[in-house]
C-alpha cells in the first residue's frame with residue numbers, strides 16, 4: 001500500500017473550482033478498506049491517468065466519481081455539486097460494451113444515443129445528426145458513420161463511444177482501459193484524438209498500459225488503497241515497484257517519454 005494518501009505533486013497552481021474534488025474520502029466493502037483518506041483535485045482541461053494493480057481500487061474510484069458508490073467518510077464534488085448531480089455532465093466510456101451483434105445499428109446511430117437523453121420523446125432532428133456526424137469526424141470515423149457498429153474494430157468502437165459522449169456535450173470524460181483490446185496503430189490514433197480533445201474536455205483515463213500512460217498525460221493518480229498524485233515524469237521504477245508490489249523495469253528516454261522494456265506493461 002502506498003504510504004501517503006495525499007498528493008505531493010508540485011503541479012501548476014489552478015484557479016477556479018475543481019471539476020473533481022475528493023476530500024478525505026474513504027470507502028470499504030464490508031470490512032475491506034479499498035480507498036483510504038483520498039484527497040485530490042482535478043481541474044478543467046487536465047488530462048490524467050489512474051494507475052494501480054488489480055484490486056487496488058481503480059474501478060472503485062471511478063464508481064465513486066460517478067456517484068454509483070457513496071463514501072463511508074469524506075466528500076466528493078463534481079463541478080461543485082454532489083457526484084450524483086454532477087454526473088449528468090460526465091461521459092463514461094466502459095472497457096467493453098455489451099450489444100447484440102445482429103442488431104442493425106450503425107456507428108452514427110450509436111453516436112446519436114448521446115442526444116437521446118436530452119430528448120424527452122427520443123426523437124432526433126437534423127441538427128442532432130449533424131452533431132453526431134461531426135463527433136465521429138473528430139474521432140476520425142466519418143467514413144465509418146454508416147457502417148454497422150458490430151463490424152468495427154475494438155479501437156473504432158471505443159472511438160464511437162467517445163463520439164457519443166461528445167454528442168451528449170460531456171465536460172468530463174472517463175475512459176476505462178481504452179487501449180485494452182486495441183492494436184498499436186489504433187492506440188496511436190486514440191492518443192492523437194484524446195490530445196486534440198484536451199482543449200475542450202477534462203479527461204480521466206484508467207489504464208494498465210504504462211507505455212500509453214507515460215506518453216499521453218502529464219500527471220497520474222496512483223491507486224492502491226491510498227491515493228497518491230504524481231507528475232508522470234516521477235513514475236519511476238521505484239514508485240511502480242511500490243505501487244504494483246513487483247519489479248517493473250523502466251527506461252527513461254527523455255523528460256516526455258518513460259517506457260517499459262517491450263513497450264507495454266499489463267498487470
Quick check on region 72-83. Is at least one of its residues surrounded by fewer than 19 Cβ atoms within 10 Å (Cβ to Cβ) and part of a helix (DSSP H, G or I)?
no
Among 161, 141, 197, 190, the single one that is crowded, with 21+ Cβ neighbours inside 10 Å and closer than 18 Å to residue 213 by Cα is 190
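Readers should treat all values here as calculations from the given coordinates under stated rules, not as data from a laboratory. Bear in mind the structure is a predicted one, so any value in this text is a computation, not a measurement. Glycine also receives a Cβ, built like all others from the backbone with ideal geometry; neighbour counts cover every protein chain displayed.
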